[in-house]
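The values are calculated or read from the model by the stated rules, or taken from the named source; none is laboratory data. Because the structure is a prediction, the values reported are computed rather than measured. As a convention, Cβ positions derive from the backbone with ideal geometry for all residues, glycine included, and neighbour counts pool all protein chains shown. When the accessible area is computed, the model is the full protein with side chains, heavy atoms only, and any ligands, DNA or RNA have been set aside. Shrake-Rupley method; radii C 1.70, N 1.55, O 1.52, S 1.80 Å.
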Amino acid sequence: MNQYILIFITAFLLALIFTPVAIKIAPIIGAVDIPKDNRRMHTKAMPRFGGMAIYIGTVASMLIFLPFSTKLMGVIAGGTLMFLVGIIDDLKNLPAKVKLGFQILCAFILFQFSVSIDFIGNPFGEGYYFFPWIVSLLVTVIWIVGITNTINLIDGLDGLAGGVAFIASISIGYAAYINGNTVASMSMLAIAGGALGFLPFNFNPAKIFMGDGGALFLGFMLAGLSVMSPMKSATMLATVVPVLVLGLPIFDTAFAILRRVINKRPIMEADKGHLHHRIMAAGLGQKRTVLTLYGISGIMGVAAILISRDLFIESGLLIIIASTLIYVFLTDPNSTNLHLKAVNTEVLEKKQKKQEE
């Protein structure tokens, strides 16, 4: 138990110490987010180099406390590359296709280190369905790239992405612990400590953003570590638990893709139709919106833990509660009207820019 506490505290303290350092370094290297459109929630230039502190806290604590393994080194190597890609994007604004290419490359790195989704539990009974290697590769790439981007997409309010990542990692870590998976549990505690150490500086009013470097790193590590050591002792744990824990960002990403397809907009284009934007439009400020989403994420995390203990009815009830809350905010008249107004404004702004060009 001491090891569990130490890896969490080490990651937390390192992130807490290095975040002020990141605040000072950011303007020197040009890692500053300057609000250029009405999609931004902040009104002044903000350093966006917090991912450095999260990376140092998470990776350093893993290297100190976790036993060496090829799979773990693969996850850390892929996470390091993803962090660097995010930093370059924060500085140079990489094209979406280039970022996607690097995300696929990082997923391939994991697969080469035998970190992959090789099977799915039988939801109707005992046993597993094992995939051919090509199917395993495809599913692994989709999972890694998808979850990596979900954390990045919800990084739109002060403290939201960091808090959701903390809740998700704690939930997966606890599920791993009660099922006897020490490495997966301690790895998740390292992520949780790194995210929590950054939060005091990122919660509203934020002093720094994590940037793409932090968001892509957190998403990638959650995706990779959640499948690093599938826990076959519980039939549905390896596949269902991560999906439930990350249910909020997964839903928001799927909803964003559907929304953009319907509106005939590029899938990778940013907008103000995310769930957190809609909750704010319903009348909640940034702090209450973020706390509301923390609550929904927490409910999904508990549901995932219950699933891992085969408490399906109790878990189903919590999922219904979380789904009801999301439905309430999505269908609120104020949020719907504001979203339509924002879409129309964005279309007009783009038409004006084209005319000016």
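Annotations
- Using Cβ point charges alone (K and R +1, D and E -1), the dipole size of the range 11-117 about the Cα centre works out to roughly 260 debye.
- Compared with the alpha-carbon gap, the fully stretched path from Ile25 to Leu84 is longer by 19.7 nm at 0.36 nm per residue.
- Residue pairs, from the table Lys24/Lys97; Lys44/Lys207; Lys24/Lys207, whose Cα atoms sit over 20 Å apart: Lys24/Lys97
- Once the Cβ-Cβ distance of Leu258 and Thr70 is raised to the sixth power relative to R0 = 45 Å, the FRET efficiency obtained is 0.70.
- Surface composition of the range 171-222: carbon plus sulfur atoms hold 64% of the accessible area, using a 1.4 angstrom probe and ignoring ligands, DNA and RNA.
- Evaluated on the range 114-227, the Kirkwood hydrodynamic radius is 15.1 Å, with distances taken between all distinct Cα atoms.
- A Förster radius of 22 Å combined with the Cβ-Cβ distance from Ile178 to Leu317 puts the calculated FRET efficiency at roughly 0.65.
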